[in-house]
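The values are calculated or read from the model by the stated rules, or taken from the named source; none is laboratory data. Everything numeric in this text was worked out from a predicted model, so none of it was measured. Methodologically, a virtual Cβ is constructed for each residue, glycine included, from the backbone with ideal geometry; neighbour enumeration extends over all protein chains shown.
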Amino acid sequence: MGAGILEERKESILVKDHCSGNGKGIQCETQSVSGAVSQRACVYCGARVVLNPITDAYHIVHGPIGCASYTWDIRGSLSSGSDIYRNSFSTDLRELDVIFGGEKKLTAAIDEIVALHKPKLIFVYATCIVGVIGDDIEAVCKAASTKYNLCVIPIKAPGFSGTKTLGYKMACNAIMEVIKPHVQAGQIKKGINILGDFNLAGEMWIIKNYFDKIGVKVVSTITGDASYDTLIQASTAELNIVQCAGSSTYLATRMEEELNIPYIKVSFFGVEDTTSSLLRVAQAVGDAETLARTETFVQEQSKIAQEFLEKYKRNFIGKKAAIYVGGGFKAISLIRQFNEMGIKTVVVGTQTGKKEDYDIIESLVEDDTVILDDTNPAELEKFMKEKEADILVGGVKERPLAYKLGIAFCDHNHERKHALGGYEGVINFTQEVNLTMNSPVWRYL
Ligand code: SF4
């Protein structure tokens, strides 16, 4: 595999060829290797990324102020109602709190929020130092819940306690704590919940609009543009559809087991995935009329998106893409979407992909494609240079790397400000990839 790759990382890198790998597939779902600067965020960030889009929730970060810098300002989730989630609250633990404990400070922070804002829902995140000093945030939250008859949910998420995936799981458990007290026996189930879409640049609204057009009721959105009042209705849906599988499959599994709501995995990135997802939902919950309406709708929309795409295809001839994103579902959709555009994927990786995701990825890419789990800038640089990628699709942490290497970049993460989901997203993505990849600036490097 060559210089610059740590020995312990070699099993997490797969080069697809006729006899690729050691027969066991890529190593994934493990802790990051010491010495490799992982592109992954911490456990706390994993929990926060899932819960932050709940628009009227109060997020108290119990820890030093640095952890609280992870705010709405660096995320792109939008709201049709409350904008409380755009604020960050922190107990701002200092040295004396670390020595004497921070429980009183946390109690005071909850009391202050209740007095000033009359919240319906509070999440309390314990970050690294709280995991070390052992503040009993469960007891503090329970006392506050009882005192104020309010949903105050502790999330014990010190960054060192696992990977970002553990943070996702904690967020899913927290959502179940919101939903479960409102489950009633004999509830009539109708409509769907959309899981794992965070309303980045209004994508949830685009998808909800499609369901409105085809006549499928959306009960709860989890968590893009969610509110406490909509979340507590989630148990009345007949089907969960899961977009970001990495963050939300665990929640879907719990809802299936405990609330009897089955789920299907979907994706609204690219023409092919958007069309097949809408059809599968219509088949699952709709009648013959709904299905017919959906078929007409996807035919019309695909035609518009495909015709648009065709006009740009000549600009993409011979171009090669590198993909590094959070979860496997997005990587899979992006490979398909690049295929639709006539762009070859030469490097592809994820922060939290699972074995089954990597099996699909391997089946979709051509020989010699480099597949990476939990990579680092050094590896990304090496493989993007070797494979002569023309564009990197990633998030905020990958952007500087691409620009330093003189490679075009497209942001497909939570901080972006324009929609890439649905048929509208196909048009935006095509335009953005074309603009950045074919910019004259690259000629002056
Ligand atoms: S690793 Fe620990 S200290 Fe750093 S942001 Fe995450 S929780 Fe906070």
Quick count over segment 320-338, residues being among the small types (Gly, Ala, Ser), in a helix (DSSP H, G or I) and modelled with pLDDT of 95 or more, is 1
May I ask you to say which residue of 267, 277 is under 20 Å from residue 197 (Cα atoms), buried (at least 22 other Cβ atoms within 10 Å of the Cβ) and in contact with a helix residue (DSSP H, G or I) (Cβ under 8 Å, 6 or more places away or on another chain)? 267
Can you name the number of the only condition in (1) within 16 Å of the ligand (Cβ to nearest atom); (2) over 22 Å from residue 231 (Cα atoms); (3) out of contact with any Leu (no Cβ under 8 Å at 6 or more places or on another chain) that residue 156 fails? (2)
Looking across segment 184-212 at residues that are at pLDDT 95 or above and within 15 Å of residue 255 (Cβ to Cβ), the single one that is farthest from the chain's Cα centre (by Cα) is 191
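Yes or no, residue by residue, for (1) surrounded by 22 or more Cβ atoms within 10 Å (Cβ to Cβ); (2) modelled with pLDDT under 90; (3) not charged (D, E, K, R):
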{"site": "1", "(1), (2), (3)": "no, yes, yes"}
{"site": "12", "(1), (2), (3)": "yes, no, yes"}
{"site": "17", "(1), (2), (3)": "no, yes, no"}
{"site": "21", "(1), (2), (3)": "no, yes, yes"}
{"site": "36", "(1), (2), (3)": "no, yes, yes"}
{"site": "80", "(1), (2), (3)": "no, no, yes"}
One residue is enough: does segment 389-405 have a residue meeting the conditions acidic (Asp, Glu), crowded, with 23+ Cβ neighbours inside 10 Å, within 26 Å of residue 77 (Cβ to Cβ) and at pLDDT below 95? yes
Counting only helices (runs of 4 or more DSSP H) entirely within segment 339-445, those with at least 3 residues that are hydroxyl-bearing (Ser, Thr, Tyr) are 422-437
May I ask you to say which residue of 178, 140 is more than 28 Å from residue 268 (Cβ to Cβ) and of a type in the set (A, V, I, L, M)? 140
Looking only at residues in segment 130-148 that are buried (at least 18 other Cβ atoms within 10 Å of the Cβ) and away from the ligand (no atom under 11 Å from the Cβ), which one is farthest from residue 65 (Cα to Cα)? 144
Name the residue that is surrounded by the fewest Cβ atoms within 10 Å (Cβ to Cβ), counting only residues in segment 86-113 that are among the hydroxyl-bearing types (Ser, Thr, Tyr) and modelled with pLDDT of 95 or more. 107
Which residue pairs have Cβ atoms closer than 8 Å, lie 6 or more positions apart in sequence or on different chains, and pair a first residue in segment 61-73 that is assigned by TED's automatic domain parsing to the domain that holds residue 105 with a second residue that is of a type in the set (Phe, Trp, Tyr) and more than 9 Å from the ligand (Cβ to nearest atom)? 61/89; 68/89; 72/85
Which of the residues belonging to segment 149-191 are more than 20 Å from residue 126 (Cβ to Cβ) and crowded, with 17+ Cβ neighbours inside 10 Å? 179
Please verify whether segment 114-129 includes one or more residues that are buried (at least 18 other Cβ atoms within 10 Å of the Cβ), within 14 Å of the ligand (Cβ to nearest atom), modelled with pLDDT of 95 or more and over 29 Å from the mean Cα position of the chain (by Cα). no
Taking only segment 35-91 into account, find how many residues are within 14 Å of the ligand (Cβ to nearest atom) and among the basic types (Lys, Arg). 2
